[in-house]
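A quick write-up on the structure given underneath.
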Amino acid sequence: MASSIEYRDFILEQLSSLGDITCKPMMGEYLLYYKGVLFGGIYDDRFLVKKTSSNSKYNMDDAIPYDGAKIMYLVDDVDNQDSLKDIVEETYKGLIKK
């Protein structure tokens with residue numbers, strides 16, 4: 001099942017305070033980048049972020065974006081812009097430390 005444009009637009013609006021978010025379509029889903037770093041995506045109308053040591057403190061549930069993919073974290077409280085901003089920033093920090 002592909003993600004809807006409406007859900008994509010909603011997530012992008014929720015993340016707009018971060019400023020440097022880009023979105024690229026991929027086979028009916030959407031890859032999300034922050035400051036040029038792939039940090040997550042929208043899969044089946046679910047917002048998922050990569051697992052890092054820095055974002056594990058948010059106690060998010062594991063989710064698989066598609067068959068054969070690595071496990072990611074499901075961001076379920078997409079209505080809280082402040083929380084989303086924190087999660088994306090922590091995920092980014094964890095990814096650039098590698």
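The values are calculated or read from the model by the stated rules, or taken from the named source; none is laboratory data. The shown structure was predicted, so the numbers you read here are calculated from the model rather than taken from an experiment. So basically every Cβ, Gly included, is an ideal-geometry build from the backbone, and we count neighbours across all protein chains shown. Accessible surface is based on the protein model in full, side chains and every heavy atom, while ligands, DNA and RNA are left aside. Shrake-Rupley method; radii C 1.70, N 1.55, O 1.52, S 1.80 Å.
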Among the residues of the range 29-40, are any surrounded by 12 or more Cβ atoms within 10 Å (Cβ to Cβ) and at pLDDT below 95? no
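Consider GLU90 carefully, then state whether it is at pLDDT 95 or above and either within 13 Å of the chain's Cα centre (by Cα) or open to solvent by less than 80 Å² (accessible area, probe 1.4 Å) (or both).
yes
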Going through the range 39-59 one residue at a time, which ones are without any contact (Cβ under 8 Å) to a residue 24 or more places away in the chain and either among the β-branched types (Val, Ile, Thr) or in contact with a Lys or Arg (Cβ under 9 Å, 6 or more places away or on another chain) (or both)? LYS51
Out of ASP9, ASP44, report the one residue that is at pLDDT 95 or above, of a type outside the set (Val, Ile, Thr) and on the phi > 0 side of the Ramachandran plot. ASP44
Considering only residues that are surrounded by 15 or more Cβ atoms within 10 Å (Cβ to Cβ) and in contact (Cβ under 8 Å) with a residue 24 or more places away in the chain, which ones fall in the range 61-80? PRO65, MET72, TYR73, LEU74, VAL75, VAL78
Being on the phi < 0 side of the Ramachandran plot, surrounded by 12 or more Cβ atoms within 10 Å (Cβ to Cβ) and over 10 Å from the mean Cα position of the chain (by Cα) is the requirement here; does SER16 meet it? no
Step by step: first the residues of the range 1-13, then only those that are farther than 18 Å from LEU38 by Cα and among the aliphatic types (A, V, I, L, M), then the one that is most open to solvent (accessible area, probe 1.4 Å). Which residue is that? MET1
When the range 48-60 is examined, which residues are found to be open to solvent by less than 60 Å² (accessible area, probe 1.4 Å) and farther than 26 Å from MET27 by Cα? SER54, ASN55, SER56
